[in-house]
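Enquirer: Mind looking over this structure? Questions follow.
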Amino acid sequence: MDEKEEIRLEEKDYIGEIVTLINAETDFSGLQKQLEEYHPFDISQALLEIDSERRRNVFLHFTYPFGAAIVEHFDSEDAIVLLKQLPLETAVRIVDNMETDDAVDLLQNLEPKDEDIDIISLLSPKKRAELNKLLVYEEDEIGSAMSGSFIRLFANMTVKEAMRKVVSIAGDTDYISILYVLENNFLVGYIRLKSLIIARAEERISDIMETRFITARPTDDKEEVSNLMQTYGESSMPITDIDMHLVGIVTHDDLMDIVSEAKSDDYAKLAGLTDGDIDLGRDSFSRAVKQRLPWLSIVLFLSLLTSLIFSFFEEALNTSIVLAARLAVYLPLILDMSGNTGTQSLAVMIRYLNSPERDTSKKVMGKYLLREIGTGIIEGLVIGVLVFGLVIVTNLVSRGKAFDAVSLSTAVVTAFSVFVALLASTLLGALIPLGMDKVKIDPAVASGPFITTVSDIITLSIYYSISLAILLPIYQAL
Amino acid sequence: MENEDRTINTKEIIDVLKSNAELLEKREKLDNYHDYDLAVAMLEMTEEERSDFYRILDFPLLSAVFSELDPHDAKDVLDNAPVAVMTAVFKGMQTDDVVDIIDCIDDSDMRMAYLSVIDAKKRIEVKKMLEYDDSLVGSIMNNNYLEIKRTDTVKMAIATMVQKAPETEFINNIYVVDKGILVGVLSLKEIISAGNKPDTLIEDIMTVKIVSVTPWQKTEDAIELMKNYDFFLLPVVTGDFKMLGIIAFDDMFEALNKESDEDYSKLAGLTDINIDEDRETVWTTVKKRMPWLAILLFINLVTSSIITGYEDLLSRVLTLAIFMPLILNLAGNTGTQSLGIVIRLFATNQLDDKKAIRKHLIRELLIGIANGLAMGILIFGIVIGMRMLEGMAFVDVLPLAIVISVSLSASLAVATLAGSVVPLVLNLFKIDPAVASGPFITTVNDIISLLIYFGLATTLLARYF
């Protein structure tokens with residue numbers, strides 16, 4: 001198996017080919033013809049590799065639609081850098097030819113001080129209207145990702161008429177796998193191009209279209225819509241207003257972006273990173289520090305709470321220095337164990353809440369939380385018993401006495417604290433994201449660093465209050 | 001809201017089954033529902049209703065309904081279904097969906113029984129795919145695609161399309177194959193647009209700059225390609241470009257979900273992040289989480305024994321204990337951060353040569369130092385400030401503040417590096433890098449930080465006490 005895994009295609013280095021091609025040219029007038037064979041993604045990556053003056057010149061020789069298809073594959077940041085280099089007129093025409101949702105992405109990333117106002121006001125009226133329609137939606141609303149480039153059929157068309165329409169506009173349309181059927185401007189059904197192709201020419205669209213379909217509102221949450229699309233395995237989903245007027249569609253490539261962004265976001269939060277997009281080749285040192293420092297600072301301040309709580313116990317601990325040192329011995333162990341159980345149950349809950357299967361009805365959540373309690377009890381019992389043995393053995397080694405009152409009481413108290421701490425952390429790990437979800441905050445915010453610190457605080461309080469209450473008299477009597 | 005809708009659909013569907021209508025009429029009514037809704041309803045049916053359901057739906061549709069189910073559920077339903085139904089369902093199903101179902105069967109006799117009802121040609125394919133590891137492209141490919149010849153005209157190609165469309169799930173791309181070798185691709189859009197020039201030869205309009213994968217590549221590679229190129233389908237070929245099959249966007253999503261779940265589980269220290277509300281019990285949950293906890297407990301013996309060695313120091317300077325959780329927590333988190341990055345770098349094949357690894361490690365070290373300095377300076381100010389507010393003199397606080405801030409800086413620098421080095425070393429020795437999960441790194445960093453902290457405290461504070 002290992003050898004087989006090595007088999008990869010002899011890398012067809014289209015990007016390299018294009019770079020060579022561009023660098024060999026002095027006059028770019030014939031370049032577009034040569035490049036049309038390549039996928040716009042490869043061209044975009046190649047253009048990012050050549051020097052920026054050359055890149056600018058190349059773009060001046062592309063037709064606007066060709067240039068736009070390439071810019072669509074740039075990151076917003078790269079696209080903005082390029083557009084600023086180009087004459088305003090060229091930049092505006094390129095944006096004019098971009099898919100509306102990509103143009104929105106780009107314009108949303110322009111700094112307020114940039115000339116975005118200029119670009120928008122210079123666009124063709126049609127594009128400007130389309131853009132403004134999308135720009136009213138927040139970035140996390142599905143409306144901001146929808147596209148208008150699909151084919152609308154009418155219910156009273158015949159298959160033949162419909163097919164003629166498809167053939168004539170397919171070339172300029174982005175998405176043609178599913179065609180949407182309107183009647184008096186209302187969405188009444190859809191038909192797959194595949195079914196249209198095999199239907200008889202004289203049949204009416206209204207007779208062969210599918211009439212049960214799922215739709216979303218433009219203000220619906222992106223991730224919820226993507227979950228729905230995945231559940232139904234559809235490659236597109238119509239977006240309608242409340243009266244079933246079709247305002248746009250979301251397609252599989254938007255879905256892909258939404259899903260991978262959401263996943264990498266969750267992951268980043270669990271790891272305590274501000275951004276889950278990791279590219280070794282491009283990430284600068286300062287970006288890498290920026291990716292981590294924010295969470296570390298938050299953890300630092302939250303951890304001060306731990307220290308603060310600790311100092312409440314300081315006075316009591318000073319009355320028995322031996323006990324104070326003894327308790328510190330098991331502190332990292334207990335904090336570590338409960339931090340980890342907390343992270344485990346938190347991770348499972350976050351994933352569940354963000355999955356297509358989520359169901360937060362009282363019944364399901366009740367069962368879920370009961371199960372977490374059960375899990376916490378069992379884990380607490382097992383780990384507690386192990387810790388008990390551990391303390392006894394440590395005492396045997398360090399003091400030579402295993403079963404005297406000091407050793408036994410320390411073991412019992414430590415084990416009991418572990419039990420309570422594990423149970424509490426397991427439950428908290430599930431409750432915190434659930435609570436945040438109820439108040440409509442993304443549960444992933446309560447992620448890795450946050451839960452370990454909260455669990456530190458709780459665990460430390462449990463450990464020291466139980467230990468001091470029971471052990472202090474015993475140790476003081478020594 | 002959504003859930004309510006689905007419950008209503010289920011009820012309606014079962015009502016249709018129970019009604020007195022003619023079979024054909026029932027079929028027409030059921031045909032109105034989405035395959036997914038039918039699948040959900042099927043799970044709720046009694047055995048009796050189900051056998052009606054099988055009779056009413058014709059077979060290609062029944063296969064589609066089963067394809068919508070979670071493979072475990074599909075297997076449970078099929079376990080009780082007549083052999084004729086099983087045969088028919090498998091016949092209409094895409095190979096990769098059949099593989100998913102067979103994969104759910106643990107018992108080898110049962111597996112054989114299932115395989116035996118699949119027709120011979122498909123069975124060979126299924127067996128072949130069962131051999132691919134879950135993480136490889138081969139495990140999610142299928143052969144439900146449309147093939148044409150380079151010497152066909154557009155007209156002939158459209159005729160092939162019309163003829164094959166009913167049995168082909170995806171016709172968004174059409175592949176041009178010559179003696180088994182993939183030589184070109186056409187999108188449905190291109191063919192349709194060429195419809196007004198029916199005599200054009202396919203080889204004149206096809207794209208020859210093909211993007212493809214082999215079945216032995218990681219699914220992650222395929223995901224990356226489909227994302228970059230906005231592909232709906234991606235062809236799978238052998239090393240010498242023999243056409244094997246395609247990956248469709250829906251299978252890709254499954255792979256994407258699985259891939260990210262694995263990374264997520266690794267970071268959280270779980271054997272499996274997913275839960276199936278209907279199947280999950282306390283026991284299955286404990287099984288997923290306990291292994292890590294038990295291992296960690298034993299690694300933590302080291303932390304406890306380190307502190308035991310410094311009990312004497314601790315009993316003299318209790319303040320050391322107060323800042324211990326803070327240092328450990330920060331070191332643990334910074335280690336998890338760099339682990340989080342390494343896991344992603346592994347998954348996306350960004351660490352496949354020595355040079356890349358060296359560059360990454362140097363960077364991690366620098367990042368660790370930068371973060372360490374920033375946090376160290378912060379905590380230095382905080383400790384001084386806090387203690388001076390309590391009325392202590394600056395000179396008395398200074399040694400403690402130095403110990404805490406220097407230890408924090410050093411721990412962060414080392415912990416950041418450890419978060420990258422540990423998984424790399426494990427990988428070098430061919431130990432499953434999953435071992436280097438979040439909790440593991442946290443504990444290793446606990447040990448390192450404690451050594452630094454107490455070591456430094458002994459050297460610097462000993463003469464004050």
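Enquirer: Since A:E139 meets every condition but one in (1) under 20 Å from A:M256 (Cα atoms); (2) surrounded by 19 or more Cβ atoms within 10 Å (Cβ to Cβ), which condition does it not meet?
Expert: Here A:E139 meets the rest and fails (2).
Enquirer: So which residues in the range B:211-256 are closer than 17 Å to B:R344 by Cα and either hydrophobic (A, V, I, L, M, F, W, C) or open to solvent by less than 40 Å² (accessible area, probe 1.4 Å) (or both), if there are any at all? Spell out the reasoning first.
Expert: Narrowing the range B:211-256 to residues closer than 17 Å to B:R344 by Cα: B:217-225, B:227, B:255-256.
Once the filter is applied, which keeps residues that are closer than 17 Å to B:R344 by Cα and either hydrophobic (A, V, I, L, M, F, W, C) or open to solvent by less than 40 Å² (accessible area, probe 1.4 Å) (or both), the range B:211-256 yields B:Q217, B:T219, B:E220, B:D221, B:A222, B:I223, B:L225, B:A255, B:L256.
Enquirer: B:V208 is checked against (1) open to solvent by less than 60 Å² (accessible area, probe 1.4 Å); (2) over 26 Å from A:Q230 (Cβ atoms); (3) not small (G, A, S) and fails just one. What number does that condition carry?
Expert: Of (1) open to solvent by less than 60 Å² (accessible area, probe 1.4 Å); (2) over 26 Å from A:Q230 (Cβ atoms); (3) not small (G, A, S), only one is false for B:V208: (1).
Enquirer: Kindly establish whether B:I307 is open to solvent by 20 Å² or more (accessible area, probe 1.4 Å) and in a helix (DSSP H, G or I).
Expert: Spelling it out, it is not the case that B:I307 is open to solvent by 20 Å² or more (accessible area, probe 1.4 Å) and in a helix (DSSP H, G or I).
Enquirer: Restricting to the range A:26-53, count the residues that are outside any helix (DSSP H, G or I) and either surrounded by 13 or more Cβ atoms within 10 Å (Cβ to Cβ) or within 14 Å of another protein chain (Cβ to nearest Cβ) (or both).
Expert: Just the residues of the range A:26-53 that are outside any helix (DSSP H, G or I), to begin with: A:26-27, A:36-39, A:50-51.
Next cut, either surrounded by 13 or more Cβ atoms within 10 Å (Cβ to Cβ) or within 14 Å of another protein chain (Cβ to nearest Cβ) (or both) only: A:36-39, A:50.
Number satisfying all stated conditions: 5.
Enquirer: Sticking with this one: Which ones in the range B:371-387 are under 15 Å from B:L330 (Cβ atoms) and not β-branched (V, I, T)? Even if it seems obvious, please write down each step before you answer.
Expert: Of the residues in the range B:371-387, the ones under 15 Å from B:L330 (Cβ atoms) are B:371-380, B:382-383.
Across the range B:371-387, the qualifying residues are B:N371, B:G372, B:L373, B:A374, B:M375, B:G376, B:L378, B:F380.
Enquirer: While we're on this one: Within the range A:137-233, considering only strands (runs of 3 or more DSSP E) that don't extend past its boundaries, which have at least 2 residues that are among the β-branched types (V, I, T)?
Expert: Working: elements: A:150-154, A:175-183, A:186-192.
Here the list reads A:175-183, A:186-192.
Enquirer: Which one of A:V418, A:V391, A:V406, A:V387 is more than 40 Å from the chain's Cα centre (by Cα), open to solvent by less than 10 Å² (accessible area, probe 1.4 Å) and touching a residue at least 24 places away in the same chain (Cβ under 8 Å)? I'd like the intermediate steps shown before the answer.
Expert: Working: A:V418 fails: more than 40 Å from the chain's Cα centre (by Cα); A:V406 fails: open to solvent by less than 10 Å² (accessible area, probe 1.4 Å); A:V387 fails: more than 40 Å from the chain's Cα centre (by Cα).
Only one candidate passes the filter, namely A:V391.
Enquirer: From (1) buried (at least 21 other Cβ atoms within 10 Å of the Cβ); (2) under 24 Å from the mean Cα position of the chain (by Cα), pick out the condition that doesn't hold for B:M375.
Expert: (2)
Enquirer: B:E44 versus (1) surrounded by 18 or more Cβ atoms within 10 Å (Cβ to Cβ); (2) modelled with pLDDT of 85 or more: which is the lone unmet condition?
Expert: For B:E44, the failing item is (1).
Enquirer: (1) open to solvent by 60 Å² or more (accessible area, probe 1.4 Å); (2) assigned to a helix (DSSP H, G or I): which one isn't true of B:I102, the others all being true?
Expert: Evaluating B:I102 over (1) open to solvent by 60 Å² or more (accessible area, probe 1.4 Å); (2) assigned to a helix (DSSP H, G or I) leaves (1) as the failure.
Enquirer: To continue, here is another question. Just need a number here: residues in the range B:17-34 that are under 27 Å from A:Q230 (Cα atoms) and either open to solvent by less than 40 Å² (accessible area, probe 1.4 Å) or of a type in the set (G, A, S) (or both). Walk me through how you get there before you give the answer.
Expert: Start the filter on the range B:17-34 by keeping residues that are under 27 Å from A:Q230 (Cα atoms), which leaves B:27-34.
Narrowing the set further to residues that are either open to solvent by less than 40 Å² (accessible area, probe 1.4 Å) or of a type in the set (G, A, S) (or both) leaves B:30, B:33-34.
Summing the residues that are under 27 Å from A:Q230 (Cα atoms) and either open to solvent by less than 40 Å² (accessible area, probe 1.4 Å) or of a type in the set (G, A, S) (or both) in the range B:17-34 gives 3.
Enquirer: To continue, here is another question. In the range A:303-332, how many residues are open to solvent by 30 Å² or more (accessible area, probe 1.4 Å) and more than 8 Å from chain B (Cβ to nearest Cβ)?
Expert: 8
Enquirer: If A:P443 satisfies every condition in (1) within 14 Å of another protein chain (Cβ to nearest Cβ); (2) over 26 Å from B:F323 (Cβ atoms); (3) over 41 Å from the mean Cα position of the chain (by Cα) but one, which is the exception?
Expert: Checking A:P443 against (1) within 14 Å of another protein chain (Cβ to nearest Cβ); (2) over 26 Å from B:F323 (Cβ atoms); (3) over 41 Å from the mean Cα position of the chain (by Cα), the one that fails is (3).
Enquirer: Further question: Of all residues in the range A:241-263, count the ones that are surrounded by fewer than 20 Cβ atoms within 10 Å (Cβ to Cβ), out of contact with any helix residue (DSSP H, G or I) (no Cβ under 8 Å at 6 or more places or on another chain) and more than 11 Å from chain B (Cβ to nearest Cβ).
Expert: So the answer is 5.
Enquirer: Also, quick follow-up: Of everything in the range B:282-333, what is over 23 Å from the mean Cα position of the chain (by Cα), within 7 Å of chain A (Cβ to nearest Cβ), farther than 20 Å from B:A415 by Cβ and not hydrophobic (A, V, I, L, M, F, W, C)? Give them in sequence order.
Expert: If the condition is that a residue be over 23 Å from the mean Cα position of the chain (by Cα), within 7 Å of chain A (Cβ to nearest Cβ), farther than 20 Å from B:A415 by Cβ and not hydrophobic (A, V, I, L, M, F, W, C), then B:T308, B:E311, B:S315 are the ones that fit.
Enquirer: I'd like the residue in the range A:116-136 that is open to solvent by less than 50 Å² (accessible area, probe 1.4 Å) and in a helix (DSSP H, G or I) and, out of all such residues, is nearest to A:P87 (Cα to Cα). Don't jump to the end; show me each part of the working.
Expert: First, pick out the residues of the range A:116-136 that are open to solvent by less than 50 Å² (accessible area, probe 1.4 Å): A:116, A:119-120, A:123-124, A:127, A:131, A:134.
Cutting the leftovers down to in a helix (DSSP H, G or I) gives us A:116, A:119-120, A:127, A:131, A:134.
Details: A:D116: 14, A:I119: 11, A:I120: 15, A:K127: 19, A:L131: 21, A:L134: 26 Å.
Per the criteria, the residue is A:I119.
Enquirer: Criterion first (closer than 20 Å to A:L427 by Cβ and among the hydroxyl-bearing types (S, T, Y)) does A:T306 satisfy it? Outline the logic, then answer.
Expert: Details: closer than 20 Å to A:L427 by Cβ: yes; among the hydroxyl-bearing types (S, T, Y): yes.
Against the criterion (closer than 20 Å to A:L427 by Cβ and among the hydroxyl-bearing types (S, T, Y)), A:T306 qualifies.
Enquirer: Right, next: Can you find, within the range B:403-426, the residue that is surrounded by the most Cβ atoms within 10 Å (Cβ to Cβ) among those that are away from every other protein chain (no Cβ under 12 Å) and within 11 Å of B:T336 (Cα to Cα)?
Expert: The qualifying residue surrounded by the most Cβ atoms within 10 Å (Cβ to Cβ) is B:A418.
Enquirer: Now for a separate question. Any chance you could count how many residues in the range B:302-323 are of a type outside the set (V, I, T) and touching a Ser or Thr at 6+ places or on another chain (Cβ under 9 Å)? Please lay out each step first, then the result.
Expert: Kept after step one, since they are of a type outside the set (V, I, T), are these residues of the range B:302-323: B:304-305, B:309-316, B:318, B:320-321, B:323.
Retained after the next criterion (residues that are touching a Ser or Thr at 6+ places or on another chain (Cβ under 9 Å)): B:304-305, B:310-311, B:313, B:323.
Number of matching residues: 6.
Enquirer: Hey, could you check the range B:188-218 for residues that are part of a strand (DSSP E or B) and facing another protein chain (nearest Cβ under 9 Å) and say which is farthest from the chain's Cα centre (by Cα)?
Expert: First pass over the range B:188-218, keeping only residues part of a strand (DSSP E or B): B:201, B:207, B:213, B:218.
If we keep only those that are facing another protein chain (nearest Cβ under 9 Å) as well, we get B:207, B:213, B:218.
Details: B:T207: 32, B:V213: 19, B:K218: 12 Å.
Here the residue is B:T207.
Enquirer: Inside the range B:156-180, can you point out the residues that are within 13 Å of chain A (Cβ to nearest Cβ), of a type in the set (A, V, I, L, M) and outside any helix (DSSP H, G or I)?
Expert: Within the range B:156-180, the subset within 13 Å of chain A (Cβ to nearest Cβ) is B:157-174.
Those still in the list that are of a type in the set (A, V, I, L, M) too: B:157-159, B:161-162, B:165, B:171, B:174.
Scanning the range B:156-180 gives B:I171, B:I174.
Enquirer: Let me ask something additional. Within the group A:L370, A:L346, which residue is in a helix (DSSP H, G or I), closer than 24 Å to B:I327 by Cα and within 12 Å of chain B (Cβ to nearest Cβ)?
Expert: Answer to the selection: A:L346.
One line per residue, one yes/no per condition, for (1) touching a residue at least 24 places away in the same chain (Cβ under 8 Å); (2) within 32 Å of the chain's Cα centre (by Cα); (3) more than 27 Å from B:D312 (Cα to Cα):
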residue: A:P294; (1), (2), (3): no, yes, yes
residue: A:I298; (1), (2), (3): yes, yes, yes
residue: A:L305; (1), (2), (3): yes, yes, no
residue: A:N318; (1), (2), (3): no, no, no
residue: A:A328; (1), (2), (3): no, no, no
residue: A:L335; (1), (2), (3): yes, yes, no
residue: A:T341; (1), (2), (3): yes, yes, yes
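Enquirer: Does the range B:255-269 hold any residues that are more than 17 Å from A:G448 (Cβ to Cβ) and at the interface with chain A (Cβ under 9 Å from one of its Cβ atoms), and which are they?
Expert: B:L256, B:N257, B:E259
Enquirer: Is it the case that B:V16 is touching a residue at least 40 places away in the same chain (Cβ under 8 Å) and aliphatic (A, V, I, L, M)?
Expert: Numbers: touching a residue at least 40 places away in the same chain (Cβ under 8 Å): no; aliphatic (A, V, I, L, M): yes.
Against the criterion (touching a residue at least 40 places away in the same chain (Cβ under 8 Å) and aliphatic (A, V, I, L, M)), B:V16 does not qualify.
Enquirer: Here's another thing I want to ask about it. Go through the range A:191-227 and report how many residues are closer than 13 Å to B:H34 by Cβ and open to solvent by less than 20 Å² (accessible area, probe 1.4 Å).
Expert: Of the residues in the range A:191-227, 0 are closer than 13 Å to B:H34 by Cβ and open to solvent by less than 20 Å² (accessible area, probe 1.4 Å).
Enquirer: Then there is this: Starting from the range B:306-319, take each residue that is among the hydroxyl-bearing types (S, T, Y) and list its partners that are surrounded by 18 or more Cβ atoms within 10 Å (Cβ to Cβ), counting only C-beta distances under 8 angstrom and pairs at least six apart or across chains.
Expert: The qualifying pairs are B:T308/A:V329; B:T308/A:T394; B:Y310/B:F454; B:Y310/B:A457; B:S315/A:A324; B:S315/A:A325; B:T319/B:L400.
Enquirer: Taking the condition open to solvent by 50 Å² or more (accessible area, probe 1.4 Å) and touching a Lys or Arg at 6+ places or on another chain (Cβ under 9 Å), does B:D353 pass?
Expert: On the way: open to solvent by 50 Å² or more (accessible area, probe 1.4 Å): yes; touching a Lys or Arg at 6+ places or on another chain (Cβ under 9 Å): no.
It is false that B:D353 is open to solvent by 50 Å² or more (accessible area, probe 1.4 Å) and touching a Lys or Arg at 6+ places or on another chain (Cβ under 9 Å).
Enquirer: Looking at (1) part of a helix (DSSP H, G or I); (2) open to solvent by less than 40 Å² (accessible area, probe 1.4 Å); (3) farther than 24 Å from B:E280 by Cβ, which one does B:V77 not meet, given that it meets all the others?
Expert: (3)
The values are calculated or read from the model by the stated rules, or taken from the named source; none is laboratory data. Predicted, not measured: the structure shown is a model, and the values here were computed from it. A quick note on method: Cβ atoms are made from the backbone with ideal geometry, for glycine too, and the neighbour counts reach across all protein chains shown. Keep in mind that these areas ignore ligands, DNA and RNA; they rest on the heavy atoms of the full protein, side chains included. Shrake-Rupley method; radii C 1.70, N 1.55, O 1.52, S 1.80 Å.
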